[in-house]
């Protein structure tokens, strides 16, 4: 069984890229969310066998995403290995096999980009498709979402932090376990880019399926930042993410000035207030919908 991870910042095209895998042996990519969380807390379940394994499965079954899959977890079906790490790997594969009945499986959980090293330690043979998108277009897309980040400064900080894994990328390139895909190439040159993706995973390019995806593509969905971001916003983003933008081949002005300390404080306070306003509103709305039985407790 092979494991494939689609890595990328939120709003960078991970879901769009995943469409190209739907008819491959990996099937439709999904978001597990739990792998790194429980890997970091594996010490709480040591040694991972019998009662502790049952306890881990019980805790996993309360996770929102696991509940939505509507799968049954049986500890007796999970092979116990000589060490806890291999047993946990067996558990992950066991769950993912139930989510998707396919030869292999692919994951596209966005926040795994923060723990890429841990992910690769757990899956040392895994392959990765890393999708990168101009951070300024990512910022435009993020600013439309109520869940934030909520201003150009926090967007730039997030994007630069998520896309400075230079050493990790170079390591995987040496091992030939990564394909770097630019969102802009996927939009502008979909046929050649999708052929590269299929070649990377060792499968044939489905011309008919490619045409179906292409027909639903917004061909002009890039470089919108050039018209929609103000000079002040561009200055802030380019200053914060200058190194990352240039590393990934996105042009920036060399003449940028740092935001003042007062501006940074304003940006952070603004983001903090809007973040909590969104969560309080969302949690209240969720509570009402659950009470009125409009929504299941574990649904998004």
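The values are calculated or read from the model by the stated rules, or taken from the named source; none is laboratory data. Source: prediction; values computed, not measured. Cβ sites come from the backbone with ideal geometry, for glycine too, and all protein chains shown count toward neighbours.
Just to be sure before I move on: is residue 122 surrounded by 16 or more Cβ atoms within 10 Å (Cβ to Cβ) and out of contact with any strand residue (DSSP E or B) (no Cβ under 7 Å at 6 or more places or on another chain) in the structure I sent? Yes. Looking at the range 277-289, is at least one residue modelled with pLDDT of 80 or more, surrounded by 15 or more Cβ atoms within 10 Å (Cβ to Cβ) and assigned to a helix (DSSP H, G or I)? No: the range 277-289 contains no residue that is modelled with pLDDT of 80 or more, surrounded by 15 or more Cβ atoms within 10 Å (Cβ to Cβ) and assigned to a helix (DSSP H, G or I). If you go through the range 240-266 and pick out every residue that is surrounded by 13 or more Cβ atoms within 10 Å (Cβ to Cβ), part of a helix (DSSP H, G or I) and more than 25 Å from the chain's Cα centre (by Cα), you end up with 3. Here residue 117 clears all of (1) at pLDDT 90 or above; (2) surrounded by 13 or more Cβ atoms within 10 Å (Cβ to Cβ); (3) out of contact with any helix residue (DSSP H, G or I) (no Cβ under 6 Å at 6 or more places or on another chain) except the condition numbered (2). In summary, residue 297 fulfils each of the numbered conditions (1) part of a helix (DSSP H, G or I); (2) in contact with a helix residue (DSSP H, G or I) (Cβ under 6 Å, 6 or more places away or on another chain); (3) at pLDDT below 75 with the single exception of condition (1).
Annotation: residue 231 fulfils all but one of (1) in contact with a helix residue (DSSP H, G or I) (Cβ under 9 Å, 6 or more places away or on another chain); (2) loosely packed, with under 13 Cβ neighbours inside 10 Å; (3) under 24 Å from residue 163 (Cα atoms); the unmet one is (1). For beta carbons closer than 6 Å, sequence separation of 6+ or different chains, a first residue in the range 231-251 that is more than 16 Å from residue 264 (Cβ to Cβ) and a second that is part of a helix (DSSP H, G or I), the qualifying pairs are 244/160. Per the conditions (1) without any contact (Cβ under 8 Å) to a residue 12 or more places away in the chain; (2) part of a loop (DSSP other than H, G, I, E, B); (3) surrounded by 15 or more Cβ atoms within 10 Å (Cβ to Cβ), the sole criterion not satisfied by residue 28 is (1). Among the conditions (1) without any contact (Cβ under 8 Å) to a residue 60 or more places away in the chain; (2) within 27 Å of residue 148 (Cα to Cα); (3) not in a helix (DSSP H, G or I), residue 38 misses just one, which is (3). Reported count of residues in the range 58-87, each being within 19 Å of residue 30 (Cβ to Cβ) and assigned to a helix (DSSP H, G or I), is 7.
The rows are residues; the columns are (1) closer than 21 Å to residue 128 by Cα; (2) modelled with pLDDT of 90 or more; (3) surrounded by 16 or more Cβ atoms within 10 Å (Cβ to Cβ).
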| residue | (1), (2), (3) |
| --- | --- |
| 34 | yes, yes, yes |
| 44 | no, yes, no |
| 49 | no, no, no |
| 58 | no, yes, no |
| 61 | no, no, no |
| 71 | no, no, no |
| 82 | no, no, no |
| 101 | yes, no, no |
